[in-house]
1. Of the numbered conditions (1) over 12 Å from the mean Cα position of the chain (by Cα); (2) within 17 Å of Trp197 (Cβ to Cβ), Arg63 fails exactly one; give the number of that condition.
2. What are the pairs with Cβ atoms under 8 angstrom where one residue, in segment 153-169, is within 18 Å of Leu142 (Cα to Cα) and the other, located anywhere, is of a type in the set (Asp, Glu) and part of a strand (DSSP E or B)? Sequence gap at least six, or different chains.
3. Scan segment 122-164 residue by residue and report those that are aliphatic (A, V, I, L, M), part of a helix (DSSP H, G or I) and open to solvent by less than 20 Å² (accessible area, probe 1.4 Å).
4. Which of the residues spanning segment 165-180 are more than 15 Å from Thr152 (Cβ to Cβ) and open to solvent by 70 Å² or more (accessible area, probe 1.4 Å)?
5. Please find, within segment 9-24, the residue that is nearest to His77 (Cα to Cα) out of those that are open to solvent by 70 Å² or more (accessible area, probe 1.4 Å) and of a type outside the set (S, T, N, Q).
6. What is the number of the single condition among (1) within 9 Å of the chain's Cα centre (by Cα); (2) within 20 Å of Asp6 (Cβ to Cβ); (3) crowded, with 22+ Cβ neighbours inside 10 Å that Ile92 does not meet?
7. Read through the list (1) farther than 30 Å from Val150 by Cβ; (2) polar (S, T, N, Q); (3) part of a helix (DSSP H, G or I), then give the number of the only condition that Gln54 fails.
8. Can Val99 be described as under 30 Å from Leu144 (Cα atoms), exposed (fewer than 13 other Cβ atoms within 10 Å of the Cβ) and among the hydrophobic types (A, V, I, L, M, F, W, C)?
Amino acid sequence: MIPLRDAQKTQSFPIVNITFIAINICVFLYEMSLGRNLEGFIQSAAFVPADFFQPGNVVADARSVFVSMFLHGGWMHLIGNMLYLWIFGDNIEDRLGHVKYVVFYVLCGWAATLAHGFAAMSSQVPAIGASGAIAGVLGAYLLLFPHGRVLTLVPFGLFTQIRELPAILVLGMWFVLQFFSGILSLGAREQTGVAWWAHIGGFVAGMILIKVMRARQAPPPERGFF
């Protein structure tokens, strides 16, 4: 299922969410400008579990966790992540406020990256992408707007339909897929290239943090699109 937009209205302009999207796009364009040097840049700047858990420079290790949240491996990786952030992030910013949302997003990204690190401590593969932090946004959205309506592209074999579905179904199924994929990945000899445990860790962190940070009371969910 691919979400297209939600029906939950916001009361404030999502300046932080838009800024995060802009930063991700700008960083990706910088990556594309590196050409042959891109692989070396990713290896040196991104979070690598095997390197992180070795004694070393604490500042550099912390920087790698943060930088990895804004790096992407291709256009589809970027577009997919930014679509989810655009649809769901504005509502979380609206409930938390601008400053709290910055803290929330970064903490979710850290929790997601470390969850992946502990699940693959010997991996030399750089972990990149905003999906861990965005998973935190999804976890918070599920708690705040479980009955919010999400316009979703639903595949049926060779055909697709656009359906209006409750957030608890769309995001709940998303998390179940991540969870079972993460369990299967623990016994795999080779990594799939998807940091399932980053998604799981970020999602759970988002659900916890949205309670700890005491989001403002959400208005009743919108009735829908149709």
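The values are calculated or read from the model by the stated rules, or taken from the named source; none is laboratory data. Only a predicted model underlies this, so the values are computations on that prediction, with no experimental measurement involved. Note that each Cβ is placed from the backbone with ideal geometry, even for glycine, and that neighbours are counted across all protein chains shown. Side chains are part of the model used for accessible areas, which takes the heavy atoms of the whole protein and leaves out ligands, DNA and RNA. Shrake-Rupley method; radii C 1.70, N 1.55, O 1.52, S 1.80 Å.
1. Single failed check for Arg63: (2).
2. Ala167/Asp6
3. If the condition is that a residue be aliphatic (A, V, I, L, M), part of a helix (DSSP H, G or I) and open to solvent by less than 20 Å² (accessible area, probe 1.4 Å), then Ala133, Ile134, Ala135, Val137, Leu138, Ala140 are the ones that fit.
4. The answer is Val176, Phe179, Phe180.
5. Among those residues, the one meeting the criterion is Ile15.
6. Failed condition: (1).
7. It is condition (3) that Gln54 fails.
8. yes
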